[in-house]
C-alpha cells in the first residue's frame with residue numbers, strides 16, 4: 001500500500017464520494033488510489049473549478065469536499081476558490097502535490113513555499129514529512145475543516161510519500177550508495193539518504209487512526225433565554241437568516257419548523273434561500289433596508305454586519321440586536337449586539353423556538369405592513385418585466401420565465417454580476433439547499449464547479465446554472481468536463497455584451513466605459529463544439545420554447561447552453577457595493 005492508497009482509504013473512511021482534480025505527476029498515486037477504492041475521480045479543465053466543485057459538495061452534503069491539485073501552479077491556481085470557501089465558511093480539504101522531500105528548496109520542478117502561500121487563506125495548512133503522517137493528518141484536516149467556523153484546509157503531500165517504497169528507493173538508489181573510494185561528502189550524502197528513506201517509510205499502520213466526528217458548537221442556553229425574553233417584548237421584530245444557518249444539512253427541516261413557530265417576518269440570503277420554499281407567507285424578498293430601519297428587534301442568524309448591511313447602519317440604532325454566529329469575530333463585526341449567541345445559527349433558532357411563544361398573530365399588523373410593501377415592489381417588477389425592448393430580450397422577463405420553468409426538484413447555481421443579481425430578485429428556489437452562489441466574496445467563475453458538484457451529489461435533480469456573459473469566460477471550457485463525465489445540466493448565459501454591473505456606474509461617474517465592453521459572442525456554438533447542445537435565444541417570444549428544448553436536452557443526458565441575447569437594463573442601477 002503506497003501513500004496514494006492510504007489517502008484513498010482515509011477519504012473513503014470519511015464518506016468522500018468524489019475527488020475533484022486536474023491531473024499532475026506529483027499527485028498521480030492519489031488519483032489512482034482513490035479510483036481503485038471506488039471514489040469517483042472527476043477531472044476538470046482548471047484547478048479552481050475542482051475546488052469550487054468540492055465546495056458545492058460540502059455545502060450540499062455537510063461532508064467536506066475534497067480536491068487534489070499538482071504542485072506549484074496547480075496549487076496557486078486554486079487560491080481564489082480557496083479564499084471564496086474560507087469567506088463562505090465552507091469546509092473542504094485541498095490536497096496539494098509537492099516536490100520530493102529531499103529536493104525541497106533546491107530548484108526542483110514547480111517547487112515553491114506552498115505553506116507560506118496558503119496559510120493566510122485556510123484554517124490550517126500542514127506538510128506531511130513521512131508516509132505514516134498522511135492518515136492522521138488527513139483525519140485532523142477533516143475535523144478542522146468542519147469544526148467551529150468551517151473553512152478550507154491544505155495538506156501538502158510530497159511526491160516521494162505517495163509512490164511505492166520500492167520505486168522511491170530506486171529513485172534514490174544511485175545517490176544512496178557511495179562509490180568505492182568516494183570522498184567524505186559523497187559518503188555522508190549516501191548515509192543521509194539511507195537514513196532519510198528508513199525514516200520516511202517507517203511505522204506505517206494504515207487504519208490505526210480513528211475517525212472523529214466534528215462537534216457542532218451549541219449556543220449558550222442563557223443567550224437563548226435572553227433572546228426569548230427580548231423577543232417577547234418586541235412589536236416589530238425581523239429575522240435575517242444566512243448561509244451559516246444551513247451548515248447542519250440534515251437539520252434544514254427542523255430549522256424550517258422553528259422559523260414557522262417563531263412567526264417572524266424573515267429574509268433569507270445565500271444558502272438559506274429556498275429554506276421556506278417558494279411562496280411561504282413569512283418570507284420577504286424586497287425592501288429589506290426599509291424594514292430594518294423600522295424594526296425594533298433584529299435577529300441575525302449567521303449574518304454578519306458587513307457591507308451587505310452597510311456595516312450595521314441599515315439597522316436602526318435603537319433596535320435590539322440579537323446575533324447568533326459560529327464566528328466570534330462576526331458576532332460583533334461593526335455593531336455590538338444586545339444579545340450574543342456564540343454557536344451554530346441554525347441550532348440557535350431551533351433552541352429559541354423551543355422556549356419562545358408561538359408567533360401566531362402577535363405581529364400581524366407589522367407583517368401586513370411589510371407584505372403590502374412587498375406586493376407593491378412585486379407589481380413594479382412585473383410591469384418592468386412586461387416592457388418590450390427595442391432590441392434583445394428583457395432580462396426580467398427571461399428570469400420570470402426561468403422561474404416558471406423550474407420544477408420542484410431543481411437547483412439553481414448563480415455565477416455573474418448584473419444578470420444573475422437580477423435573477424436573485426425574481427427566482428424562487430423550491431426548497432432548502434437548492435440555491436448556490438459564491439457568498440460574500442462575490443467571486444466570478446464559480447458556476448461550472450458549483451454545477452458540477454451539485455449534479456453529481458443530486459443526479460436526479462434538474463440543475464440550472466445562470467451565468468453572466470463576463471462570468472462565463474471563466475467556465476466555458478468546462479462544458480468539455482460536463483460532456484466527458486456525463487453531467488447534464490441547463491446553463492443560461494445572459495449575454496448583453498458588457499460587464500454591465502461595472503459599466504453602469506463607471507460611465508456615470510467617470511464618463512468612460514474602458515474595459516467594460518464585450519462582444520455578443522456565439523457562446524452556444526462554443527458549447528456545441530465541446531460536445532454539448534447550444535441554443536440561441538434572441539426574442540422574448542421564443543423564451544418558453546427555448547427553455548423547454550433545453551430541459552428536454554438535459555433530460556436526455558446532454559449538457560446544454562442557452563445563449564440569451566439580452567437588452568441593456570437599468571433595473572439594478574445604483575446597486576454597486578463597496
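The values are calculated or read from the model by the stated rules, or taken from the named source; none is laboratory data. Owing to the predicted nature of the structure, the values given are computational and were not obtained by experimental measurement. All Cβ positions, glycine included, derive from the backbone under ideal geometry; neighbour counts span all protein chains shown.
Scanning the stretch 347-370 for residues that are in a helix (DSSP H, G or I) and touching a strand residue (DSSP E or B) at 6+ places or on another chain (Cβ under 7 Å) gives 348, 349, 370.
Scanning the stretch 140-173 for residues that are under 28 Å from residue 301 (Cα atoms) and in contact with a strand residue (DSSP E or B) (Cβ under 7 Å, 6 or more places away or on another chain), we see that the one that is surrounded by the most Cβ atoms within 10 Å (Cβ to Cβ) is 152. Of all residues in the stretch 1-54, exactly one satisfies the criterion of being farther than 18 Å from residue 450 by Cβ and assigned to a strand (DSSP E or B), namely 41. Return yes when residue 517 is free of Cβ contacts under 8 Å to residues at least 60 places away in the same chain, in the same structural domain as residue 410 (by TED's automatic domain parsing) and surrounded by fewer than 16 Cβ atoms within 10 Å (Cβ to Cβ) and no when it is not. It is true that residue 517 is free of Cβ contacts under 8 Å to residues at least 60 places away in the same chain, in the same structural domain as residue 410 (by TED's automatic domain parsing) and surrounded by fewer than 16 Cβ atoms within 10 Å (Cβ to Cβ).
Considering the stretch 539-567, and only residues there that are crowded, with 16+ Cβ neighbours inside 10 Å and in a loop (DSSP other than H, G, I, E, B), the residue that is modelled with the lowest pLDDT turns out to be 567. Does residue 486 satisfy being part of a loop (DSSP other than H, G, I, E, B), over 16 Å from residue 566 (Cα atoms) and in contact (Cβ under 8 Å) with a residue 24 or more places away in the chain? Taking the combined requirement at face value, the residue satisfies it. Among residues belonging to the stretch 440-467 that are in a loop (DSSP other than H, G, I, E, B) and in contact with a helix residue (DSSP H, G or I) (Cβ under 6 Å, 6 or more places away or on another chain), point out the one that is surrounded by the fewest Cβ atoms within 10 Å (Cβ to Cβ). Only one residue tops the list, namely 441.
Taken together, the criteria place residue 119 among residues that are surrounded by fewer than 18 Cβ atoms within 10 Å (Cβ to Cβ), out of contact with any helix residue (DSSP H, G or I) (no Cβ under 6 Å at 6 or more places or on another chain) and at pLDDT 95 or above.
Being surrounded by 15 or more Cβ atoms within 10 Å (Cβ to Cβ), within 19 Å of residue 273 (Cα to Cα) and under 26 Å from the mean Cα position of the chain (by Cα) narrows it down to one of 308, 326, so name that one.
308
Within the option set 432, 407, being over 17 Å from the mean Cα position of the chain (by Cα) and at pLDDT 95 or above holds for one residue only, 407. All told, residue 300 meets the bar of being modelled with pLDDT of 95 or more and either closer than 18 Å to residue 231 by Cα or more than 24 Å from the chain's Cα centre (by Cα) (or both).
Filter the stretch 61-111 for residues that are part of a helix (DSSP H, G or I), modelled with pLDDT of 95 or more and in contact with a helix residue (DSSP H, G or I) (Cβ under 9 Å, 6 or more places away or on another chain) and give the result.
Across the stretch 61-111, the qualifying residues are 61, 73, 74, 75, 76, 79, 80, 81, 82, 84, 85.
Candidates in the stretch 62-89 are the residues that are under 15 Å from residue 115 (Cα atoms) and surrounded by fewer than 22 Cβ atoms within 10 Å (Cβ to Cβ); of these, the one that is nearest to the chain's Cα centre (by Cα) is 83.
Considering the conditions (1) closer than 30 Å to residue 544 by Cβ; (2) surrounded by 20 or more Cβ atoms within 10 Å (Cβ to Cβ), residue 380 is excluded by exactly one of them, (2).
When the stretch 199-217 is limited to residues that are within 30 Å of residue 439 (Cβ to Cβ) and in contact with a helix residue (DSSP H, G or I) (Cβ under 6 Å, 6 or more places away or on another chain), the one that is surrounded by the most Cβ atoms within 10 Å (Cβ to Cβ) turns out to be 214.
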